[in-house]
Structure formats: C-alpha cells, structure tokens
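Student: Structure below; questions to follow.
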Amino acid sequence: MTDAVVRFGDAAAVNGVTARVDDGAVLGIVGPNGSGKTTLLRVMCGLQPIDAGEVRVDDVRWGSSSKRPVGALGRSVALVAQNHESQGQLRVIESVMLGRLALRGAWSPFSAEDWDVAAEALRSVGAMHLVEREVGTLSGGERQRVSVARALTQATSHMLLDEPTNHLDVRYQHDLLDLVRGLGITIVVVLHDLNLAGRYCDRLVVLERGSVVAEGAPRDVLDPDLIESVYHIPVARHDWRGNPHLYFAPDESADAG
C-alpha cells in the first residue's frame, strides 16, 4: 500500500498511509479509537475505495481511478471482521462452509474434501463442539472463533483480522493468536491490546488520526514515550521472555489536582 488516502467528507480517515507486510509475516495495526485502523483494513481487502494512492496484494493492484478487484481478492484474502451477523438459523458447520464458496462458487456443490476442511478448521480454533449449534445462539467469543474457522476454510495466502480477540478470555486470546501466527501465511491484524501485539506480531504500525506515527519491530515501536504521546496515559515497560510488556496507569498527580 502506497500513499493511501480515504476521506469521509472533509475528514481523512486514512491520510497518506504507506505500509508493507512481507510474505508469511504478521503485521499488527494499533492505535487509539478513531485512528483509522478498521478503515485501513477494509482498504487492504478491497472493501473500502480509496481517494488517492495505490494498493497491491500479490499481483492484484488497484488505485483511486481503477475498479477494486473484489473477486480476485476473495481468492487471495480472507477477512475476519469485528462485527458478525447472526446468519439466521444456520448451523455452525454451515456457516463455516460458506468460506469454501470463494473457491467453489455459489452454485457448485460441496465435496467431501470441503466438509473435511471445515471440520479441521473448527478443530483448530477449539470449536468442534459447536458444530451443530445455531450461530444465533452463540456467545460473542464463540462467534469469533467460528469466524476465524470460516476464514481458514478459504485457504488464502493472506488473512486480515479486525480485533479477533474481542470477547475471548485470556487463554483463548493467546491460543487464537498463536494459531494465526502459526498458519505460515501473511497476516494483518488490528489489535487494541498492545501487549498481545508485541507478543505475536513481527512488525507494528501505529496510527494516530489516520496517519502512521511509527512502524517497525515491536521492541522498537512499543517505546513508552511514543505510546504515551499517542494514547495520552503514563506508560512503563518491562521486557519478559524477550517480549515487551507495557503497564498503564492514570496520572495520579492530575487526579490529585
């Protein structure tokens, strides 16, 4: 992605962003609420048109004046969105099978291999016990795992995830990100939890008001002075097992005043 711009009215939600992720690497996008993280992710998967700049995924390229190649991207990029529709009365296994449509087409019958792929995806995210449940009856965390399973069935070279750890308890947060990291494909993930980002991402992009204010390895980007200037809260850092860990606390002197 080079110099990408997205405007909503007079405001630039994405303001000249340039970002690159190497094949097989995990890129984390972090930043405060309203900094443009989800919009940037939608740009990367072709759902959000851009007003300037260029985006390229493998050999698929588009810009502000060219048509977004949504069909081609569906075969290269799987998206795990933050908000999930109930999908009516679909059973979990049926919901997960929808991921195979990008490979089979809407009118092609599913094969035995398709069903095996869906079952393995559910096992991978620890959701095989949900296979016969209706999606509308699941908790937020259960739906999140099913959404990741559906993305896995697409067997794409890229996966984009918007807050995949929402609604998950601490164990499943780590289990899920460890699973995603181990897929061996190119990953772009939006995270609010900076400590998870530091643990599982190869590189981080920090956004503020639609612009990139820092990019690099987590050990370099998760600098207390930088993070405090972006999030406006005092920060301390301790490195544990080779990973940066941040601690946050409100300014007590300000409270006292």
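Student: Express in nm, to one decimal, how much length is gained between residue 238 and residue 3 on full extension, taking 0.36 nm for each residue of separation and deducting their alpha carbon distance.
Tutor: So the extension gain works out to 81.2 nm.
Student: How high is the relative contact order of the range 103-257, given as a whole-number percent (alpha carbon pairs under 8 Å, six or more residues apart)?
Tutor: Normalised by residue count, the contact order of the range 103-257 is 13 percent.
Student: So, one more: Give the longest segment of the chain that steers clear of trypsin sites (Lys or Arg not before Pro) in DSSP loops with at most 10 neighbouring Cβ atoms within 10 Å, not counting the sites themselves.
Tutor: 68-240
Student: Now a separate question. Describe numerically, in nm with one decimal, the distance between label points set 7 Å from Cα along Cα→Cβ at residue 249 and at residue 103.
Tutor: With each label placed 7 Å out from Cα toward Cβ, I get 5.1 nm.
Student: Quickly work out the residue 179-to-residue 123 label distance, labels modelled 7 Å from Cα along the C-beta direction, and quote it in nm with one decimal.
Tutor: 1.3 nm
Student: Rounded, prolate or oblate, given the Cα gyration tensor of the range 60-210, with a/c below 1.5 counting as rounded?
Tutor: Note, shape of the range 60-210 comes out oblate.
Student: Please report Rg over Rh for the range 1-87, where both radii come from the alpha carbon positions and Rh follows the Kirkwood definition. Kindly include the intermediate steps, with their values, before the conclusion.
Tutor: Working: Rg = 13.1 Å, Rh = 13.8 Å.
My calculation puts Rg/Rh at 0.95.
Student: Compute for the range 86-135: radius of gyration divided by Kirkwood radius, i.e. Rg/Rh, restricted to C-alpha atoms, rounded to two decimals.
Tutor: Reported Rg/Rh (Cα atoms, Kirkwood Rh): 0.96.
Student: Expected output is a single nm value to one decimal: the length gained when fully extending between residue 66 and residue 132, i.e. 0.36 nm times separation in residues minus the C-alpha distance. What is it?
Tutor: On the way: separation 66, 0.36 × 66 = 23.76 nm, distance 4.28 nm.
Length difference between fully extended and current span is 19.5 nm.
Student: Please state the charge dipole magnitude for the range 17-70, taken about the Cα centre, from unit charges on C-beta atoms (+1 on K and R, -1 on D and E), reported in debye and rounded to the nearest 20.
Tutor: Values: 7 positive and 6 negative charges, 43 e Å.
Using Cβ point charges on Lys, Arg, Asp and Glu, the range 17-70 gives about 200 debye.
Student: Measure off 7 Å from each Cα along the Cα-to-Cβ vector at residue 211 and residue 54, then give the distance between these two points in nanometres to one decimal.
Tutor: Distance between label points: 2.4 nm.
Student: Test of understanding: what is the full-extension gain from residue 75 to residue 155, defined as 0.36 nm times their sequence separation minus their Cα-Cα distance?
Tutor: 28.0 nm
Student: I would also like to ask the following. Hey, what's the per residue convex hull volume over the C-alpha atoms of the chain, in cubic angstrom?
Tutor: 154 Å³
A short reminder: the numbers here are calculations on the coordinates, not readings from a lab. Remember, it's a predicted structure, so these values are computed and weren't measured experimentally. Every residue, glycine among them, receives a Cβ derived from its backbone with ideal geometry; neighbour counts consider all protein chains shown.
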